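Remarks on the structure that follows.
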Amino acid sequence: MQAEMDGRIVLLHLRQALGRPDGLFMLAANMLPVVGVFTAGWDAFSVVVFYWCETLIVAFWSLVRLGAATKGNILDKLTQPLLVTLHAGAFMYVHLILIHSAFGGHPGASFGAVPGLVFARVMEQGLWVPLAGLFAVRGILTLFELRTPPESHPVMGLYVRIVVMQLTVIFGGFLAFIIGTVAGVILLAVVKSVADLLAEPIIAWLRKMEPGNATPPGPR
């Protein structure tokens, strides 16, 4: 009975997330690599690089939201985003090293050379085109989100997103190598979409674990 109820709650969150513009945008963004595999010949490494860059875009606009939500003078609004950039940036860089080591095909490349190799892949495979579009659309969505108080703290949402990206991309990338690029990428896109759409309930659960907090807010 409990498992059935939990399943219904998950489905309710997914349905409500898909009813919002940001949920539909997230779903469309996660499906772009499937299009890239069929139309541009993206391999598994290009797909995981795309998802890593997409998370970088989300991180940028999350920091914009953080700066806008921070009270105080201009120095206060810049200090906290800068500290989060240094901390989250370290996580992102380590993850980039991991996915390059696993899927990049450049054995022996130094850590300092990895960003250049990834940038070359972004340009050669044309990943920059959909990424530029995602950056613009995400910026527009962020401007609309700034008009209303956020339901969760931007930093918490950012770290949940990074963890979700790390787990789904690494394991999904391995599946793409094992069962084939096309089937693996489709499975990765589906799993990552579900994980992204359930980010809000995850954040709500984490907020419930904080001292002094009551039950988490219900799905939007």
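The numbers here are math on the coordinates, done by the rules we state, and not lab data. Note that this is a predicted model, so its numbers are computed, not measured. Positions of Cβ are backbone-derived with ideal geometry, glycine not excepted, and every protein chain shown enters the neighbour counts.
Quick notes on this structure:
- Charge context of Val84, other residues only, Cβ under 15 angstrom, K/R +1, D/E -1: +2
- Length gained on full extension, Ala120 to Phe144, computed as 0.36 nm times the residue gap minus the Cα-Cα distance: 5.3 nm.
- Relative to its residue count, segment 34-86 spans a Cα convex hull of 76 Å³ per residue.
- For the peptides 70-76, 162-168, the ranking by packing is 162-168, 70-76, with the highest mean count of neighbouring Cβ atoms within 10 Å listed first.
- For the pair Ala109 and Val129, label points projected 7 Å from Cα toward Cβ lie 2.3 nm apart.
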